[in-house]
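As structure tokens, the structure follows; a few thoughts come after it.
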Amino acid sequence: MVGIQYSWDDSEKTVIRMYVGDYWDWDDLNAAIAGISDLINEVEHQVDILTVMRPTTKLPAGNITHYLKDAIVRLPRNTGTHIMVGGNMLCNRALRTLAHNYNCMTGRLLQTNSLGEAYRMIARNRPEIHEPQEWVA
């Protein structure tokens, strides 16, 4: 696969799944972030992002921390957690660096090697929604 593809992962529009191909560049990331932002702006509730990337996928030349930070801060306010599934060591280290160095990203950039664990992470970080009949006076 070339470039970056993304789409809604569920019919409730609460999760976007992004696939990073074997051959991509920072322009592909910028285009994907713009498209993902459009999807997130369609709804008012929290939307989480799963990024699936093979560990063997190479990163484009350039300052990865700069490009990732720029991409993440351009996402809408109702963006929830961003979970990297897979990814190579350099990408995962850059995400950890961002999560530790910027308070606004702490707890919002997570990593795992399994989709199942990614969905569990999303469930743990999702705000609880109570229906009116569940309210206790």
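Each reported figure results from applying straightforward, stated rules to the coordinates on display, with no laboratory input. Just so it is clear, the structure is predicted and the values come from calculations on it, not from any experiment. Every residue, glycine as well, gets a Cβ built from its backbone with ideal geometry; the counts of neighbours run over all protein chains shown.
Could you give the length gained on full extension between Leu90 and Asp22, defined as 0.36 nm per residue of separation minus the Cα-Cα distance, in nm? Please list the in-between numbers first.
Values: separation 68, 0.36 × 68 = 24.48 nm, distance 1.51 nm.
Extending this stretch completely gives an extra 23.0 nm.
So, in nm, how far is label His45 from label Lys13 when the simple model puts each one 7 Å beyond its Cα toward the Cβ?
According to this spin-label approximation, the distance is 1.1 nm.
From Cα pairs below 8 angstrom and at least 6 apart in sequence, can you work out the relative contact order of the chain, rounded to a whole percent? Mind showing how you got there, number by number?
On the way: 211 pairs, mean separation 27.8, N = 137.
Once normalised by length, the contact order is 20 percent.
Divide by every residue of the chain the summed helix terms, -39500 (n - 2.57) for each DSSP H run of at least 4, and state the resulting mean residue ellipticity at 222 nm, rounded to the nearest 500 deg cm²/dmol. Could you put the intermediate results ahead of the total?
Details: 4 runs with 49 residues, N = 137.
Here the helix-only value at 222 nm equals -11000 deg cm²/dmol.
Run the quick spin-label model on Gln5 and Val52: label points 7 Å from Cα toward the beta carbon, then report their separation in nm to one decimal.
About 0.9 nm, to one decimal.
Is there a quick way to get the dipole size of region 4-125? I mean about its Cα centre, with the Cβ of Lys and Arg at +1 and of Asp and Glu at -1; what is the value in debye to the nearest 20? If you can, show how the numbers build up before the last one.
Details: 12 positive and 13 negative charges, 111 e Å.
The dipole of region 4-125 has a size of about 540 debye.
With a cut-off of 16 Å, note down the residues of region 60-97 whose backbone N falls inside the zone around a label point 7 Å from the Cα of Ser37 toward its beta carbon.
Correct set: 67-80.
How big, in percent, is the set of alpha carbon pairs in the chain lying more than 25 Å apart?
Details: 2158 of 9316 pairs.
Every Cα pair in the chain considered, those over 25 Å come to 23 percent.
Using the Cα centre of the chain as origin and beta-carbon charges of +1 (Lys, Arg) and -1 (Asp, Glu), tell me which of Met18, Asn88, Ile40 is placed farthest towards the positive end of the dipole.
Working it through, the farthest residue towards the positive pole turns out to be Asn88.
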